[in-house]
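These notes concern the structure reproduced below.
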């Protein structure tokens, strides 16, 4: 088991290195650089740009830059973000938790909602409720995430004025709130972005969960359970769901990259100060060190996510656990 | 794409629909015939197919159907930003262009980008998966590791980065990029299928009879891989449509003045509160189209599944 | 219609049971089509037939385990211990399932839930049907495993199904079924998936338990060898109907229905695991389109005009022996031996 | 010239809609009774400023970012501040800020500023002349790499005869002397920064927590979310009336509008024209138009994009440029993009500034003349409706930054007008970094530029002079070279009499219209949206926030967030 873990860790590290290197060259070979992108006023004296290019080694040959960067990464130093005028690690430290919060809540919401929906649909298989819910989740599943975000923003924030439209908390009052008020304020700000993200993946999970449940519902042991006199509720919640959760756990690993991609749009529309927005802005400003770090972190998340999913699978499925 | 290509596509799909509608009862006959019958009996999938055909026809006939030119700016001061009316069912945008006409032409751009991109990913994915599955062993492992690496990068981030950094990217390159980042799933499906087929009797027999690897791949394995690939393609089109819309929404996909549904949403995104129609209608068009392809994909999966038994 | 000589009241009495599957469109699959029979207390009744003849659907109908689009048609009647099972509400029928009537199935691997321990699944029966606490239920489960001959039952109970051998799994299934000392055990192909030696052990175990618990068994199988060993009375099913009923000895000595004849002449030795008896020419017809007249006529070596048009009734042949064949009326048409040439050479 | 942040304008969003908006504005702008109250109860309150981007480093010499520019403008002080006309010549209309008085040297090569002795840094230390001297050294230090340094080239040094007098020594006499000395630099605290390596300024703690001498002191900064300032009660020019200022960051413009209308934000610097009716009808919001110094134009590259040593095959031809200019209905474009909130640009200098020439001879809009001119140059219309000459089609690309919806929209409008006269112009959009880089490298055919002019007319040589064309990545990206133009500006710069300077400048502007190195398109009128409880809201074109310390919130109009007490602010 330990050897297996080690092997997976090495594979993961290799993949991350591959991805990071590809990103590095992709960025540095592209036209433009962070200095030109940040000092964008035509009135900026050229000497200033030259100065900063030299300071950040952007005037060095690419191979030298790559070598330096590798050494820095090996020491856990992500470099300095010129547009933010801060070390990349500090920029990311202020953004990553926000994204993790958003994704965590969205993940939880989407799995709970998706599994519940799938269960309702499967229990009412072939009836109008199943049909309606199926069409409904397909509708959301087929929606571009940014458009859903825009529409929710339009309806809830512009037309009905129900939820706040930007940020993670009220910038003015937050410092003066008590603990519970703060929690409430944060949750209030979380509703729209988390629901947007959750709706999209919940729709996918519901579709998947329904199929998995129906697969399991046809198994012999379900008939056994019924023949034992177990109630319908017990059959579905105990016997069927427990088995049908296994394939859904693998979705956990697959959902992460989807959520990461979705968070780019959702964070943009709702001005959520997380990694997705940071990355999009960093592309605009050609913030190489920040972008490289963001890509590395994204792939760590994705690889880590699938790792966790596998581990979870092993915990839940006795057949895998004991072999 | 050339309008003739569009018309051809629409005609072919219509013929396919006709064939499906005329197909006899599927209790007997070839697997394809059974699949067609099943598809016809699946009302939702069949409706979706009709929607897709209609969309293809609309896209093909856009120049004749659209009331205005998609790029004409009849009066940039007085006719801009009009709300929906009889003359302009979807309203007009900032340059006094008719949103309805642009949505029709947008169907062309969005659909052709999606279709062509999926052709790229399906061919690359099938080839890659077939080779990996057929060769097996260490090469297969290595090839699958590469897929893992590819899948660990969020696709949308990668595309945004490439497209923004190397802007402006011409449309064919955009299509290529969309295709080349979307084949991992297909190749996994194909590989799994090939792995299981490799040991089947007919392949073993063909090998015993001295057939070459290429012949076996071509004659025995690929035809059997076709149905999962068809399903992947249909669902893939839905996915590519969304990805392209997202990129265009960020301003790095299809560039103006060409109308794609995504960049039409961008046109109105900042003014969603004042000029809701500019973003809403193209968004609905995407939802309907993507839904149709998803429904059709689901239907095809059920129809082509040999395990599925009637009743 | 049936002719049970015993004086006591039947434990289970089925009359005109029809279970049809409405698969959409115009076609209706009449999987079980007017079946009637009785099961007496302490009796073992065998139900035989090829796959697709309606055996399993009959057994599932008894416990009302038929799911949509299947439906037990109005006019059917199933009386058990004096109660009409078809008129019970959901709660009441659940109280009977696994309690007064239990079932065991062909494939013990897939019939056990892979994510729960064996003991847990056996104990669940007690938890559902009694007020036993978790612990009591568990202890009874271990005790039951011991009774069905599982060695080291306390350890086995903590294991998952995939960790047990096929024989032990089936024993676990039996333990689960007998947990509440049912009056009737429906055993649907209980030995088909097992090795020959294990098959014998399981049949022995069932016989032993039957005497100990004092229950009736409805034994469903396609294997006449199993019937010969265990059953006292045999029902032969074909195309959704009972075509012959007889005491086991009568059936083996003097089968009347050509279909039974075919089954007997193709009878595999104990342990032959062939799914389908291939020696009768043709296959079971589709339940959506039963043939007119006698449903067996197109596979029957004796069939004549009448068989193609008139559906035969159940003819009384002897004591407790009925057959659904016009030969009962025109015995002269039987030319022997109908299937000898087709019998396997070995 | 003065360095101004540029990104605000770059990010300006899609304008659209509506008929005449000016009445709406006029009605709201003249709020009576703004000054009717006494000042006694006017201290206090909170103003939330909605901005689209976070600050970078809060150190004036190196910041390029508009939010930083605003925050720094209130934390730090200049020596003096200009009057409303922003006249860069001489010291007419200027008032003291950190300096309370100044005297010119006899030869006009020195100016002695007397630093207000009551001025204190926010940590309590008095401001001294030595801080001024230190500031100049820091700005000019090459290791600082300040954008402002080149603008200080004519200042030789600062001497400090006593602790409150800072004497600026100039290398030569010139009209902009006072402007450069008093307004280019924000004075920094020597006692805090003396130990900091100028090259490390951006990563110093100071850049995250600045200490200045201005009306507001720094309180807190939550990266990418908000920055908070509080009125400094001991400010030497009198405590600012609004107690707290909070910059709240939301990259989406939409969100800022909604927050303003719902009352969550108090101030939005720029409202898109299409939103003006909606925002204007919100009961709690007033719209305040104020002059802007931005203008947009389509710049022709007179050099070959592939080889800058060669002239451009198309745009080196003055007649062709003139013809293309005449093909564009600039009034219509402006009206479409900005409705009534924009004016046609006449050159690289806006209406609001003192050296604007409203009589300049612009090229007329005349598609017919354009066609005639193109015909006469040998560009004839082909079968596809596009002109060509010797097999080369009259076709070029217009480079536009994706982030600027205004310019994207302009490009689409221009495209259709060019097409009318048989010219094919392709829109080529790229992100702002790429656009800038290609400008530097002269790798474009035409580009739609938007500029923020400063008050100083002499700076046009930075964008249109020969030196700026020849220098590698100099500011004259289009490589317009006309020695007569350079001579006219040089002469104008040397004039100490504003009237005579004006005459020369006007002739130079005329040349920029005659030669058509660019198609001058539009200058937008900026409209800010402010909560009605904030008074009196007067804004200056270069720094909207210049007078913010005089704004107030009457006590009877305060809302919940205005009630937070001072003690709590100093948590």
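The values are calculated or read from the model by the stated rules, or taken from the named source; none is laboratory data. Here the structure is a predicted model, which is why all the values come from computation and not from measurement. Every residue, glycine as well, gets a Cβ built from its backbone with ideal geometry; the counts of neighbours run over all protein chains shown.
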Hey, any hits in segment B:170-177 for a residue that's within 14 Å of chain A (Cβ to nearest Cβ), assigned to a helix (DSSP H, G or I) and either closer than 18 Å to residue B:231 by Cα or under 23 Å from the mean Cα position of the chain (by Cα) (or both)? yes
Please give the number of the condition residue B:295 fails out of (1) within 30 Å of residue C:27 (Cα to Cα); (2) more than 8 Å from chain A (Cβ to nearest Cβ). (2)
Failed criterion for residue A:277 (all others in (1) part of a helix (DSSP H, G or I); (2) more than 11 Å from chain B (Cβ to nearest Cβ); (3) farther than 30 Å from residue A:66 by Cα hold): (3)
Being out of contact with any strand residue (DSSP E or B) (no Cβ under 6 Å at 6 or more places or on another chain), at pLDDT below 90 and buried (at least 24 other Cβ atoms within 10 Å of the Cβ) is the requirement here; does residue C:170 meet it? yes
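Results for (1) at the interface with another protein chain (Cβ under 10 Å from one of its Cβ atoms); (2) in contact with a strand residue (DSSP E or B) (Cβ under 6 Å, 6 or more places away or on another chain), shown as yes or no for each residue.
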site	(1), (2)
D:200	no, no
D:208	yes, no
D:215	no, no
D:230	no, yes
D:238	no, no
D:245	no, yes
D:248	yes, yes
D:268	no, yes
Among the residues of segment B:73-95, write down those that are touching a helix residue (DSSP H, G or I) at 6+ places or on another chain (Cβ under 8 Å), more than 7 Å from chain D (Cβ to nearest Cβ) and without any contact (Cβ under 8 Å) to a residue 24 or more places away in the chain. B:88, B:89, B:92
For segment B:195-214, indicate whether the set of residues that are under 30 Å from residue A:31 (Cα atoms) and either out of contact with any helix residue (DSSP H, G or I) (no Cβ under 7 Å at 6 or more places or on another chain) or modelled with pLDDT of 80 or more (or both) is non-empty. no
Flag for residue C:328 being in contact with a helix residue (DSSP H, G or I) (Cβ under 8 Å, 6 or more places away or on another chain) and at pLDDT 80 or above: no
Enumerate the helices (runs of 4 or more DSSP H) found wholly within segment B:199-311, keeping only those where 2 or more residues are within 21 Å of residue B:121 (Cβ to Cβ). B:222-249, B:261-269, B:276-304
Exactly one of D:398, D:451 is under 25 Å from the mean Cα position of the chain (by Cα) and within 13 Å of chain A (Cβ to nearest Cβ), and that one is D:451
Out of (1) within 20 Å of the chain's Cα centre (by Cα); (2) part of a helix (DSSP H, G or I), the odd one out for residue D:484 is which? (1)
As an exercise: evaluate residue D:298 against (1) closer than 22 Å to residue D:437 by Cβ; (2) surrounded by fewer than 19 Cβ atoms within 10 Å (Cβ to Cβ) and give the number of the one condition it does not meet. (2)
Among the listed residues D:330, D:321, which satisfies the condition of being closer than 18 Å to residue D:477 by Cβ and touching a strand residue (DSSP E or B) at 6+ places or on another chain (Cβ under 6 Å)? D:321
Take the residues in segment C:109-131 that are more than 7 Å from every other protein chain (Cβ to nearest Cβ) and under 24 Å from the mean Cα position of the chain (by Cα); name whichever of them is surrounded by the most Cβ atoms within 10 Å (Cβ to Cβ). C:122
Give me the residue from segment C:1-40 that is modelled with pLDDT of 90 or more and within 21 Å of residue C:251 (Cα to Cα) and, out of that set, surrounded by the most Cβ atoms within 10 Å (Cβ to Cβ). C:39
How many residues are farther than 16 Å from residue C:12 by Cβ and crowded, with 18+ Cβ neighbours inside 10 Å if we restrict to segment C:199-221? 7
Answer yes or no as to whether residue B:163 is in a helix (DSSP H, G or I) and more than 30 Å from residue A:19 (Cβ to Cβ). no
